[in-house]
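The values are calculated or read from the model by the stated rules, or taken from the named source; none is laboratory data. Treat the numbers as computed from the prediction; the structure is a model and nothing was measured. Don't worry about glycine lacking a Cβ; one is built from the backbone with ideal geometry, like all the others, and counts go over all protein chains shown.
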Amino acid sequence: MVYERITIVGKCGAGKTTLAAQLASKLGLNNVELDAINWQPNWVNLRKPLMRERVDEALPATGRWVADGNYVRVVRDIVWTRADTLIWLDYPLWLALWRVLQRTIGRIFWRKELWNGNRETLGHHLTFNMDQNLFAWTVRMHNQHRNDFPPLFQQPEYSHLSVLRFRSPRETEEWLKSLPDVADRGSRTALLDI
């Protein structure tokens, strides 16, 4: 199968951004991180109309890209209808929470800038606000995705999607290793031209 336009969904800590970077490198795709579009300075969400406009520009219907991030209610109709493949990283909740913990500690300790000057703080994760506490958000999204995604995949407007549901990092890694590198495809094309 040829992968031209891939969208990656899944809960926090599943590894969406890491997989997107690997696929972009391996397949020669433009890498679009939806969080980078959405999160404005001081952790302000981009207004919905502007988010839709920027995603529309970043993910052309005839382009070659990989996009990671959920934003299902805001831009699903744009992203999913243009994608040819949807990868759902549906890993166990305990693994995602462990990864979020490791990632968060590293980001806080190293004061890593994420998007538009934003940095995670301990305060983000000690709040009872479900929309700000990444651990609570991860639990919430785990259940919501398992309930919402399967029926969404059955909708006629998304019937063109090749849906790959990976339930473990090992499954994802095996699939990733099975893909030819861009350099390999270029070599094969060159040989066919001779």
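Some notes on this structure:
- Hits in region 1-19 - residues which are buried (at least 23 other Cβ atoms within 10 Å of the Cβ), more than 17 Å from Leu161 (Cα to Cα) and of a type in the set (A, V, I, L, M, F, W, C): Ala14, Leu19
- Residue match in region 54-75 (condition: of a type in the set (Phe, Trp, Tyr), closer than 30 Å to Leu122 by Cβ, part of a loop (DSSP other than H, G, I, E, B) and at pLDDT 95 or above): no
- Residue in region 7-26 that is over 13 Å from the mean Cα position of the chain (by Cα) and in a helix (DSSP H, G or I) present: yes
- Residue, surrounded by the fewest Cβ atoms within 10 Å (Cβ to Cβ), within region 68-93, restricted to residues that are among the acidic types (Asp, Glu) and within 19 Å of Arg165 (Cβ to Cβ): Asp84
- Region 138-187, subset under 23 Å from Gln22 (Cα atoms) and surrounded by fewer than 11 Cβ atoms within 10 Å (Cβ to Cβ), residue modelled with the lowest pLDDT: Ala183
- Flag if Val9 is among the β-branched types (Val, Ile, Thr) and touching a residue at least 12 places away in the same chain (Cβ under 8 Å): yes
Yes or no, residue by residue, for (1) more than 17 Å from Lys11 (Cα to Cα); (2) touching a residue at least 60 places away in the same chain (Cβ under 8 Å); (3) basic (Lys, Arg):
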| position | (1), (2), (3) |
| --- | --- |
| Leu27 | yes, yes, no |
| Val32 | yes, no, no |
| Ala36 | no, yes, no |
| Lys48 | yes, no, yes |
| Met51 | yes, no, no |
| Ala58 | yes, no, no |
| Tyr71 | no, no, no |
| Ala83 | yes, yes, no |
| Trp88 | no, yes, no |
